[in-house]
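Novice: Please find one structure pasted underneath; my questions will follow.
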Amino acid sequence: MYQNIPTKVLTGEVRLSYVNLITPRAQNQGDTPKYSVQLLIPKSDTATVQDILQSIEAAAVSAVNEKWGGVRPAIDFKSILHDGDGTKPDAGTPYAPECKGHWVLSATSERKPDVVHVSNINAPLAPNDIYSGMYARVTINFYGYKNRKIGVGCGLGNVLKTRDGEPLSGGASAASDFAGIGQAADTYGAAAPAVPVTPPAAAPGYGAPAGYGYPTAPAPATVQQTAYPVSINPITGMPM
């Protein structure tokens, strides 16, 4: 019981999944768009779990006369609190890894919930600060319903963000992406260490390329030609 309302609960710290707190969405075509969130409640938080079970029962008792015509249906209303270590009731597949060790509870609302931070409950959080994976305390309210089905539903109240967590949308947080880089940022301004350069080998008989500090090879020696005697044609006067 929260604020003397038997059907209302203020949870302990829970993790939020499937967060849809910015814009309402319709689950199926033709449905009324709603805000929604999935609460991952640690099984160790027995106080919150007990409050939830008592509030579900209070909602069922109230709905017997208000919604169900004085007859309590033979339904396990507590089944809306799902075991994260088990399988999904609609698909029979295991819950995601983050659900292990938790109870899973979905809450919806046609009214936009207030989402604030524990450090300032008077200022709404920016949309970028609201995401699947963050931790929060949440107000929820249980109610009986009768439409196509009969049951107890969980209404979403307001959200008090307590701390950040690893996003569950498949991405990673900036802290995990850039771990260690911030502390070493000053090293990026330092000059890069000199890398020794090995000059290309000089071709035989030639000097090494300029600028590598090697002595210039001596110029090729001049070839001395040997003079041979020349015969002169006595008639023409030309060499023979």
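Novice: Taking amide H atoms as placed 1.01 Å from N in the peptide plane, list the residues 5 or more away in sequence, or in a different chain, whose amide H sits under 5 Å from that of residue 157.
Specialist: Distant-sequence amide H within range of residue 157: 139, 140, 141.
Novice: In nm, what is the difference between 0.36 nm times the number of residues separating residue 10 and residue 148 and their Cα-Cα distance?
Specialist: Full-extension gain reported as 46.8 nm.
Novice: For a quick check: with amide H placed at 1.01 Å from N, whose amide H comes under 5 Å from residue 72's, ignoring anything fewer than 5 positions away on the same chain?
Specialist: none
Novice: For the residue pair residue 68 and residue 93, what label-to-label distance in nm results when each label sits 7 Å from Cα along the Cα-to-beta-carbon direction?
Specialist: Here the answer is 3.3 nm between the modelled labels.
Novice: For the charge dipole of segment 80-144, defined by +1 on Lys and Arg C-beta atoms and -1 on Asp and Glu C-beta atoms about the Cα centroid, which residue among 122, 133, 102 has the Cα displaced farthest towards the positive pole?
Specialist: The residue sitting most towards the positive pole is 122.
Novice: Under the Karplus relation 6.51 cos²θ - 1.76 cosθ + 1.60, θ = phi - 60°, what is the ordered set of whole-Hz ³J(HN,Hα) values for segment 138-153, x standing for Gly and Pro?
Specialist: Result, rounded to whole Hz: 10, 8, 9, 9, 9, 8, x, 9, 8, 9, 6, 10, 10, x, 10, x.
Novice: Taking the convex hull of the alpha carbon atoms in segment 63-114, what volume per residue do you get, in Å³?
Specialist: 142
Novice: Report, ordered by chain and residue number, the lysines lying within cross-link reach of residue 43, taken as a straight Cα distance under 27 Å and ignoring same-chain residues fewer than 8 apart.
Specialist: 8, 78, 88, 100, 161
Novice: Express in Å², to the nearest 10, the accessible area of residue 57 obtained by rolling a 1.4 Å probe over the protein heavy atoms while all chains stay in place.
Specialist: Roughly 70 Å² of residue 57 is accessible to a 1.4 Å probe.
Novice: If you roll a 1.4 Å probe over segment 12-102 with all protein chains in place, what percent of the accessible area is carbon or sulfur?
Specialist: Ligands and nucleic acids excluded, carbon and sulfur give 49 percent.
Novice: Another one. Using only the Cα atoms of segment 35-125, build the gyration tensor, take square roots of its eigenvalues as a ≥ b ≥ c, and label the shape rounded, prolate or oblate: rounded if a/c is under 1.5, else prolate if a/b is larger than b/c, else oblate. Display every interim value, and only then the final one.
Specialist: Numbers: a/c = 1.89, a/b = 1.19, b/c = 1.59.
Cα axes put segment 35-125 in the oblate bin.
The values are calculated or read from the model by the stated rules, or taken from the named source; none is laboratory data. In this text the structure is predicted, and so the values were computed from the model without any measurement. Note that each Cβ is placed from the backbone with ideal geometry, even for glycine, and that neighbours are counted across all protein chains shown. Just so you know, the surface numbers come from the protein's heavy atoms only, side chains and all, with ligands and any DNA or RNA stripped out. Shrake-Rupley method; radii C 1.70, N 1.55, O 1.52, S 1.80 Å.
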